[in-house]
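Please treat every number below as a calculation from the coordinates, not as lab data. Please read all numbers here as calculations on a predicted model, not as lab measurements. Ideal geometry is used to build each Cβ from the backbone, glycine not excepted, and the neighbour counts take in all protein chains shown.
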Amino acid sequence: MKKVSIIGAGNTGATAAHWLAERELADVVLVDVVEGMPQGKSLDMAQAMPIIGKDVKILGTNNYADTKDSDIIIITAGVARKPGMSRDDLLKINAEIVGTAATETLKYSPNAFYIVLTNPLDTMAYLTMKKTGLPRERVIGQAGILDSARMRAFVAMETGVSVENIQCYVLGGHGDEMVPLTRHSNIAGIPLNEYLAADKLEAIVNRTRKGGGEIVNLLKTGSAFYAPSLACVQMAEAILKDKKLIVPCAAYMNGEYGLNDMYFGVPVVLGAGGIEKIIEYKFNDAEKANFEKSAASVKETHEALKSLVTL
Ligand code: APR
């Protein structure tokens, strides 16, 4: 059985463990700083396995040594922004948490692939790559699958068509400047901008861009976790099963799309080698302008990180 360790056993971490176990994709280790909590959640989940007949081991721990020989490490550990905390304060705190999670796990699993979920996502993936010194194939940020799934869900709600017929592609940074591609998205092969009236499509694009915030406003005490955690699990599955799945992920840019030394959401081929290829779409001028605007915003957060911590 393969082994996936999840750092941060909060909402997204524990739910990712749940999806992984339920699909019998790997043995799971849940790590958190809070004593007892990962142990309790893991024991509870392990007790659900006989009911669905899945033979996976689920371990909760406060000790990184238990992550030894993981095939994949998923990093969800972090804190949410609290009143009075600036963006830079949050960046610094999460950079410390993610940096430690990355370097500690690498000691025990030198061959692991990393999937990063902690926000600000693109910048935390950048930090993980710099801190571990791993090649870009092995450090991947989750965002595009989630943002695209949100857009697909909104299109399904608007049209009543099965989600299975709806393909959407959202690229760029994981923030309000993300780039939903309406020309490349389609319903059963029909481009979205032909299927839907312009005003309806615009409303869906705007709702997608603010998809995370909409849920925070409703939950009040936390952020989305069902879809974000399942997005991570789809990435893990593609790597574990060598699927060669094309999905939008945050990847290190080395000249692709004219971008350098930054993480950004682009379509990648995910397989046993991690990011096996980066796919370059052909953009028109309007798409290119949106893409560049989003890149500038991500680059700004990368620069803020560099001014706060030593990489
Ligand atoms: N090591 C391990 N775990 C830690 C550490 C640390 N140093 N610091 C905090 N944690 C744990 C917390 O104890 C908590 O259980 O990380 C967990 C975070 O869980 P939640 O607060 O429930 O947050 P969650 O909704 O899971 O989101 C986590 O993912 O989607 C992003 O924006 C989101 O950055 C956030 C992250």
Task: region 233-273 and region 158-217: distance between their alpha carbon centers, rounded to Å - done: 20
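Beyond a 28 Å Cα-Cα separation, which of these cross-linked pairs lie in this structure: Lys241/Lys288; Lys41/Lys107; Lys54/Lys244; Lys68/Lys244; Lys2/Lys92?
From Lys241/Lys288; Lys41/Lys107; Lys54/Lys244; Lys68/Lys244; Lys2/Lys92, over 28 Å: Lys241/Lys288; Lys2/Lys92.
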Open item on the list: Just to be sure I understand: if I project the alpha-carbon convex hull of the chain onto a plane and average over all orientations, what area do I get in nm²?
Closed with: 15.8
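If you take the square roots of the eigenvalues of the alpha-carbon gyration tensor of region 144-308 and sort them as a ≥ b ≥ c, do you get rounded (a/c under 1.5), prolate (a/b over b/c) or oblate? Before the final figure, lay out each step's value.
Working: a/c = 1.28, a/b = 1.22, b/c = 1.05.
It is rounded, given that a/c, with a ≥ b ≥ c, falls under 1.5.
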Task: Chain lengthening between Asn111 and Ala46 when straightened (0.36 nm per residue, less Cα-Cα) - done: 20.7 nm
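In cubic angstrom, how much convex hull volume per residue do the alpha carbon atoms of region 3-141 span?
96
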Open item on the list: Defining a contact as two alpha carbons under 8 Å apart and six or more residues distant in sequence, what relative contact order in percent does region 144-308 show?
Closed with: 22
TODO: Please give the peptides 228-241, 127-140, 208-221 ranked by average Cβ packing (other Cβ atoms within 10 Å per residue), highest first, as a rough proxy for protection.
DONE: 228-241, 127-140, 208-221
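Using only alpha carbon pairs under 8 Å that are at least six residues apart, calculate the relative contact order of the chain and give it in whole percent.
Numbers: 621 pairs, mean separation 52.1, N = 311.
Worked out over the chain, it gives 17 percent.
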TODO: Only residues of region 273-309 count here: report those whose backbone N is under 11 Å from the spot 7 Å along Cα→Cβ of Asp261, or say none.
DONE: 303
Open item on the list: Run the simple label-point estimate for Arg87 and Asp242 please: 7 Å along Cα→C-beta, distance reported in nm.
Closed with: 4.3
Open item on the list: If you consider only alpha-carbon coordinates, what radius of gyration and Dmax does region 63-160 have, in Å?
Closed with: 15.7, 49
Task: Inter-site label distance for Arg183 and Ala272 at 7 Å from Cα along Cβ, in nm - done: 3.8
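Rank-order 147-157, 248-258, 76-86 by packing density, defined as the average count of other C-beta atoms within 10 Å over each peptide's residues, highest first. It would help to have the intermediate numbers written out before the result.
Values: 147-157: 22.1, 248-258: 20.1, 76-86: 14.5.
Going from most to least packed, we get 147-157, 248-258, 76-86.
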Task: Of Lys68, Lys41, Lys288, the one that fluctuates the most in a GNM where the chain has Cα springs shorter than 10 Å - done: Lys288
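Summing -39500 (n - 2.57) over the DSSP H runs of n ≥ 4 in the chain and dividing by its residue number, what mean residue ellipticity at 222 nm do you reach, to the nearest 500 deg cm²/dmol? Walk me through the numbers before you get to the answer.
Details: 10 runs with 142 residues, N = 311.
For the chain, the value works out to -15000 deg cm²/dmol.
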Open item on the list: Quick one: the Cα spread of region 1-62 along its three principal axes, in angstroms, biggest first?
Closed with: 30, 20, 17
